[in-house]
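Throughout, read-outs are computed from the coordinates displayed, never taken from laboratory work. Just so it is clear, the structure is predicted and the values come from calculations on it, not from any experiment. Ideal geometry is used to build each Cβ from the backbone, glycine not excepted, and the neighbour counts take in all protein chains shown.
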Amino acid sequence: MMNEKLKDKVVAIELAGKNILLVNDNDNFKNELISLGFEKVEPYYSISMPIDDVEKRAALFQKLMEIGTLFSNGRDWSPSEIVRYYRDKGLIKGDYLRIVWRNEQDFDITTE
């Protein structure tokens, strides 16, 4: 489990590579994630998507934003940096939720 406070949330932990990884500990978004093409591969929801398929990735990121996914902040093309880049390029629109970790139990969520 990622964190008890986040068990009902979808958290994007990897968007940069071919394999996109999300966490949803309570599986309360299972149907939505499966309908987007994700598979449950414990402890993650995973989907493989070519890095150069920008339109398909943008459509997926937009849908993840719409269900309230938290995009992890960090270095080296973290999920929140990738979403910001796609938004800055006009490939996706709207605000997204960024989660910044201080440690396993302490974090901030901001609307970007």
Practice prompt. Within segment 42-83, find all residues whose amide N lies under 16 Å from a label point positioned 7 Å from the Cα of T111 along Cα-to-beta-carbon.
Written response: 65-71
Practice prompt. May I ask you to derive the relative contact order of the chain, considering only C-alpha pairs under 8 Å and at least 6 residues apart, and to give it as an integer percent?
Written response: 24
Worksheet item: By its C-alpha gyration tensor, with a ≥ b ≥ c as the square roots of the eigenvalues, how is segment 26-112 shaped: rounded for a/c under 1.5, else prolate for a/b larger than b/c, else oblate?
Response: oblate
Discussion item. Compute, for the chain, the length of the dipole vector about the Cα centre, with Cβ point charges of +1 (Lys, Arg) and -1 (Asp, Glu) only. Units Debye, rounded to 20.
Written reply: 240
Fill in: FRET efficiency estimate (nearest 0.05) - Cβ-Cβ, A59 to E4, R0 35 angstrom
0.65
Worksheet item: Could you give P(r) for segment 1-67, binned at 10 Å from zero, as whole percent values over all Cα-Cα pairs?
Response: 21, 57, 20, 1
Response to the item:
Residue span E104 to V41: 0.36 nm per residue of separation minus Cα-Cα distance leaves a gain in nm of 20.5 nm
Fill in: Nearby lysines by direct alpha-carbon distance to K56 (threshold 28 angstrom, same-chain neighbours under 8 apart not counted)
K7, K9, K18, K30, K40, K89, K93
Response to the item:
Descending packing, highest mean Cβ count within 10 Å first, for 36-42, 10-16, 48-54, 65-71 is 10-16, 65-71, 36-42, 48-54
Item to complete: Report, for the chain, the % of DSSP beta bridges that are antiparallel, rounded to 5.
Response: 75
Discussion item. Whole angstrom only: what separates the Cα centroid of segment 9-41 from the Cα centroid of segment 61-112?
Written reply: 14
Worksheet item: Once Lys and Arg get +1 and Asp and Glu get -1 on their Cβ, which of S35, G68, Y85 lies farthest toward the positive end of the dipole of the chain?
Response: Y85
